[in-house]
1. Mind checking which of A:Ile183, A:Ile315, A:Ser579 is farthest towards the positive end of chain A's charge dipole, using Cβ charges of +1 (Lys, Arg) and -1 (Asp, Glu) about the Cα centre?
2. Charges only on Cβ, +1 for Lys and Arg, -1 for Asp and Glu: so what's the dipole of the stretch A:66-181 about the Cα centre, in debye to the nearest 20?
3. Using Cβ counts within 10 Å as a stand-in for footprinting exposure, how do A:Arg604, A:Arg658, A:Arg507 rank, fewest first?
4. Using a 10 Å cut-off on Cβ atoms, rank the peptides A:187-196, A:470-479, A:365-374, A:562-571 from the highest mean neighbour count down.
5. Could you tell me which of the pairs A:Lys369/A:Lys392; A:Lys448/A:Lys472; A:Lys150/A:Lys440 are separated by over 18 angstrom between their Cα atoms in the structure shown?
6. Would you work out the charge dipole size for chain A about its Cα centre, treating the Cβ of every Lys and Arg as +1 and the Cβ of every Asp and Glu as -1, and quote it to the nearest 20 debye?
7. If R₀ is 25 angstrom, what is the calculated FRET efficiency for the pair A:Ile699 and A:Asn748, using the beta carbon separation as r and rounding to 0.05?
8. Separation of the stretch A:211-245 and the stretch A:59-98 by C-alpha centroid, Å?
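Values in this text are rule-based calculations from the coordinates and carry no lab data. Since we're looking at a predicted model, the values are computed, not measured. In this analysis, Cβ positions are derived from the backbone assuming ideal geometry, glycine residues included, and neighbour counts consider all displayed protein chains.
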Amino acid sequence: MKEYNFREIESYWQSYWSENNSVQYNLESNNKKFYNLCMYPYPSGDLHMGHVRNYTYGDLITRYKLLNGFNVLSPMGWDSFGLPAENAAIKTGIHPKEFTEQRINKMKNQIIKLGSLYEWDREVAVHTPEYYKWTQYIFIKFFESGLAYKKDAPVNWCDSCKTVLANEQVIEGLCDRCDSEVIQKNLNQWFLNISKYGDELLDGLNDIGDWPENVKAMQQNWIGKSVGAEFSLNIVDTELKFDVYTTRPDTLYGMTFAVLSPEHEIINQILEISYSKEEILSYQKSAKQKSEFERLSSSKEKTGVDTGLKVINPINQKEVPLWIADYVLNNYGTGAIMAVPAHDQRDFEFAKKYNIEIIQVISDEKNQKNVEEKAFVDEGVIINSNEFNNLKSHQEASKKIVEYLESSNLGSQKTVFRLRDWLISRQRYWGCPIPVINCKKCGLVSEKIENLPVVLPDIKDYKNSDESPLAKSVDFVNVKCPNCNSDALRETDTMDTFVDSSWYFLRFVDPDNKSIPFSSEKVSALLPVDQYIGGVEHAILHLLYSRFFVKALRDIGMLKIDEPFLNLFSQGMINFGGSKMSKSRGNVIDPEAYFESHGADSLRLFILFMAPPTDRVEWNVGGIEGTKRFLNKFWENMDALEKIFEDVIGVNEIDLVRNMNQTINSVTQHIEKFEFNTAVSDLMIFNNKLSDYLKTETILSKKSKEFIVDSICKLLFPLAPHISSEVYNKFFEKDLIKQNWPITDMDNLIDPTYELVVQINGKKKVYKRNKRRFKSR
RNA sequence: GCCCGGGUGGCGGAAUCGGUAGACGCGACGGACUUAAAAUCCGUUAUUCGAAAGGAUGUGGGGGUUCGAGUCCCCCCUCGGGCACCA
């Protein structure tokens, strides 16, 4: 059999679509809009299978929606700031801009070869001044409204590379580049106040649209809302007091000690009065030297130091010892806790180790639980708590005790989030400069809008020293204060690249706007994104940051929507040899080779066919042969149909037409439900039936022939657009992309015969083919 | 520890409402074509007993509901992912 010439066909249609602007959002159209978006890539230079999977799904949706008459917006851009370009620059001296743009060109070419349709006139790349000007604009608006602020914060620092590292760059406590140990260092850093939106980000998940449950669960988990109580503990014989937060106010009578985190501010005052000054100082020092990793993971053996001081339990005036221990984190709650060893496992271990009293205040109904081996954390009944005895814990007793604290002005109910403010400053070159100036007189002053963008200066050495690479450019750093015109210094940090990606989907609706980042009207017309498709690895960071950005931009009046993404689809990863494909593992399967050897249509079909889209899959080297065979067979069938003798309708023809109709019904439903693997198999089944027909029959009516070619090309179009466009054009001399999706004939779905099955005790015993007596619908 | 998903042939996976388990594809085996190979075409392919007809078993394990369970309920095992000293 001769193979169809996929190379020629694919390249022809790719040029055709591009020259005819086959996907273009039409402002004037009355058709319903559909904003279809794939997560834009970091331009690594090589398209990998993860991209192929992502863009195949995205393109399928674009084409399906086009045939269904939607006014589709399908843009693409580049997440083009980031470390790899900077590392390459350090190594080879090539400017990150040049390095990045070469890679963008290469990758864009590969995306086109996949046959993915994008409206390239809307392309954005975040590293261009035309884009980052508006990232800076938004930053300034955030700064002016208090959403961006600067404060001292502990960061991951590699003393060998002389740089701050992102959490993702710290691998088991070591620098991912030089393997030296990462330490905690206090630096003055920029933050965005995302925690202000904790409640809204959490509540928004309830009615957001169609999002995968696991992604919603991950975000809920990350936001980590908990409701408890906050109250003060007074230190005996002093004026000193501090706040503690607990989710278990019902256990208040069981408090037998209190703990401060080693970084707690009040320790400075404690040092003046404690007999254990030396021990405290040395404990603080050792806690500081531990890396975050070590501190959180070090075999969970708890350590601490006794201050020798006592605090008073506000509910019963009992005096209990005050300790300092690093199992209490300074940046959660109040950085201090009441410790109830009887009912908290961590407190229990600490109490056992240091021989601290344990008082049980909850038991089960028969009072048979004890706390000798471990803490009792389950629901139960209050004991040893005076007037609160016999109340049910946790809910009822907590409520009563909080009411008591509130009525006696001792404390109050309090909501705490795990979500922390977002540290966005990076001591890096290849990122968006922070548009702020430090003036000795005026303090932190934002750059004037008319002076934007603050352009990344050219420097010779991209390597960090003790400060950011941008500090090396004298011209960049030394400026006049926009306020008072006195000598001032520019910020030398750049922004986390997640800032760039938190609003790119907004720029796509208005990419050429020269006066503002985007028009609010256009955003309202096109957003939320109707279908967002991307990898599950962005379940928390990117998707949460973008949601935060939209809410923050709404609150400062720049747009009028609440959520950026209506429906989210997370595709599974593609592994090979049991692990994630990566250059360092040497297990990368290059999609480009398949464009040459099997064609983009075969690759797309195989990706669609291999597994349900949400599943993680193992790359199967031979599997693509199956979809290639299918396309060859399809091509051959179409060829045979073209030559078949046209005549009156025969009996088998009626069956074939019904099969086609059933296939229309089934493929449509599977695509709607994102069950692309079974959509492909439906088409394979019909193609096999068509082969059988053509082998045994010699005639077919013109009407049926045209119905079959028309329908099957349309059904195949979103999945394998090149071959279907070619066949359609050969038969009808029309552009398939401008046609309408086929409609199922509901009257011709059901086979007039059926198999009667008789089961006895659930086992099939008799089956027989019968004619249906009534036409059912 | 907590929160999400999963577990079906040699493999990837199908199976709207509880109603013929294993669609479709890969691989394997047998055959045709060929000097030969590749490609292509035809056939077989859950396990097991049987020459065959046919029978028995079978969706991680155990129980239950039902005329009937991959599907519903309870318990357990196990794999993957996320979070994790979060008070």
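1. Result: A:Ser579.
2. Details: 13 positive and 16 negative charges, 73 e Å.
The dipole magnitude comes to about 340 debye.
3. Values: A:Arg604 29, A:Arg658 16, A:Arg507 22.
Listing A:Arg604, A:Arg658, A:Arg507 from fewest to most nearby Cβ atoms yields A:Arg658, A:Arg507, A:Arg604.
4. Values: A:187-196: 18.7, A:470-479: 16.2, A:365-374: 10.9, A:562-571: 20.3.
Taking the mean over residues of other Cβ atoms within 10 Å, the ranking is A:562-571, A:187-196, A:470-479, A:365-374.
5. Values: A:Lys369/A:Lys392 15 Å; A:Lys448/A:Lys472 23 Å; A:Lys150/A:Lys440 16 Å.
Table pairs above 18 Å Cα-Cα are A:Lys448/A:Lys472.
6. On the way: 94 positive and 108 negative charges, 324 e Å.
Charge dipole of chain A: 1560 debye, to the nearest 20.
7. On the way: r = 20 Å, r/R0 = 0.82.
Here the calculated transfer efficiency is 0.75.
8. That distance is 40 Å.
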